[in-house]
Amino acid sequence: MTYFEGFIVPVPEANKAAYQEHATRFAPLVANVGVRRMVESWDSDVPEGKVTDFRKAVDARPDEKIVFSWFEYPDRAARDAANEKFMSDPAMEEMGKDMPFDGKRMIMGGFDSIVEEGTAGGSYTDGFVVPVPEGKRDAYRELASKMAKVFRQHGAARVIEAIADDVNHGKVTDFYRAVKAEDGETVVFSFIEWPDKATRDEAWKAIMADESLKPEGQMPFAGQRMFWGGFDKILDSAQQQAAASQGSPITA
């Protein structure tokens, strides 16, 4: 199963173009150290939550937007090897000196996939961060697998559920604080790739109206502390590579 490095990044709205340019220059470097795919998605439909949300997760300021991002690897070993190369690559160090965002408030961690349905692609992403009791991992996986098939039936290109494997506690922000994780809870980093926002919006309308999908009994996660949002893709290294191989112009 695929291994993911997940990121949530606060970026000044005025720096969107600079962030996209920075990510575009960064993508070939990460590919050289072993990242199979890099995706960057920009704040599009990110609601404010009463308890948790993407903005609270990174202490976002009023002038900042959220980026939901991930790297893909074939496994944990490939990810660890890549991180070692990151630390010793002078080009990476140079890129780190000119970041158009506050790296101290970015959160990141390694996640092992537990559900993978569909094929990567599309221009729109729904991102989720979910607190899950350790004792309910199997129940969560079963529910997530069921819902992944539902999303696919309604047009989703790909559904991923990945559970915390190498997620540290940070000094300022981290995934555990983001969902106010309690003792005995782990964190799931999840996303749905859609062909476009219109498909996503219609799918959610249909799913929310489907009485057969209403939950019965206690859910295997803390729903009041999970959060989600919609994001426009601004970079997908796999799509860029495909376009380049075909001689097509590369667009966001």
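The values are calculated or read from the model by the stated rules, or taken from the named source; none is laboratory data. The shown structure was predicted, so the numbers you read here are calculated from the model rather than taken from an experiment. When we count neighbours, we look across all protein chains shown, and the Cβ atoms used for this are built from the backbone with ideal geometry, even at glycine.
Figures for the structure shown
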| item | result |
| --- | --- |
| Matching option when the condition is farther than 22 Å from ALA23 by Cβ, modelled with pLDDT of 95 or more, in contact with a Gly (Cβ under 6 Å, 6 or more places away or on another chain) and among the acidic types (Asp, Glu), among GLU142, GLU161, GLU182, GLU134 | GLU134 |
| Scope the stretch 71-101; condition assigned to a loop (DSSP other than H, G, I, E, B) and more than 19 Å from the chain's Cα centre (by Cα); matching residues | ASP89, LYS97, ASP98, MET99, PRO100 |
| Residue in the stretch 31-38 that is within 14 Å of the chain's Cα centre (by Cα) and either part of a helix (DSSP H, G or I) or closer than 24 Å to ARG177 by Cβ (or both) present | no |
| Residue identified as of a type in the set (Lys, Arg), closer than 12 Å to ILE8 by Cβ, surrounded by fewer than 20 Cβ atoms within 10 Å (Cβ to Cβ) and under 19 Å from the mean Cα position of the chain (by Cα) among LYS65, LYS104, LYS56 | LYS56 |
| Residues within the stretch 39-66 that are in a strand (DSSP E or B), among the small types (Gly, Ala, Ser) and touching a Ser or Thr at 6+ places or on another chain (Cβ under 7 Å), tallied | 1 |
| Residue in the stretch 129-165 that is surrounded by the most Cβ atoms within 10 Å (Cβ to Cβ), counting only those that are among the small types (Gly, Ala, Ser) and under 20 Å from PHE4 (Cβ atoms) | ALA162 |
| Filtered residue count, the stretch 69-112, keeping only those that are under 15 Å from HIS22 (Cβ atoms) and among the acidic types (Asp, Glu) | 4 |
| Yes/no for ALA242 being closer than 27 Å to VAL9 by Cα, at pLDDT below 95, more than 18 Å from the chain's Cα centre (by Cα) and in a helix (DSSP H, G or I) | yes |
| Residue pairs meeting the criteria (Cβ under 6 Å; at least 6 apart or on separate chains; first in contact (Cβ under 8 Å) with a residue 12 or more places away in the chain, in the stretch 1-12; second polar (S, T, N, Q) and assigned to a strand (DSSP E or B)) | MET1/SER113; THR2/SER113; PHE7/SER69 |
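Per-residue answers, yes or no, for (1) among the polar types (S, T, N, Q); (2) farther than 25 Å from LYS65 by Cα; (3) part of a loop (DSSP other than H, G, I, E, B):
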site: ALA164; (1), (2), (3): no, no, no
site: ASN168; (1), (2), (3): yes, no, yes
site: VAL172; (1), (2), (3): no, no, yes
site: ASP183; (1), (2), (3): no, yes, yes
site: ASP201; (1), (2), (3): no, no, no
site: TRP204; (1), (2), (3): no, no, no
site: MET208; (1), (2), (3): no, yes, no
site: PRO215; (1), (2), (3): no, yes, yes
site: GLY229; (1), (2), (3): no, no, no
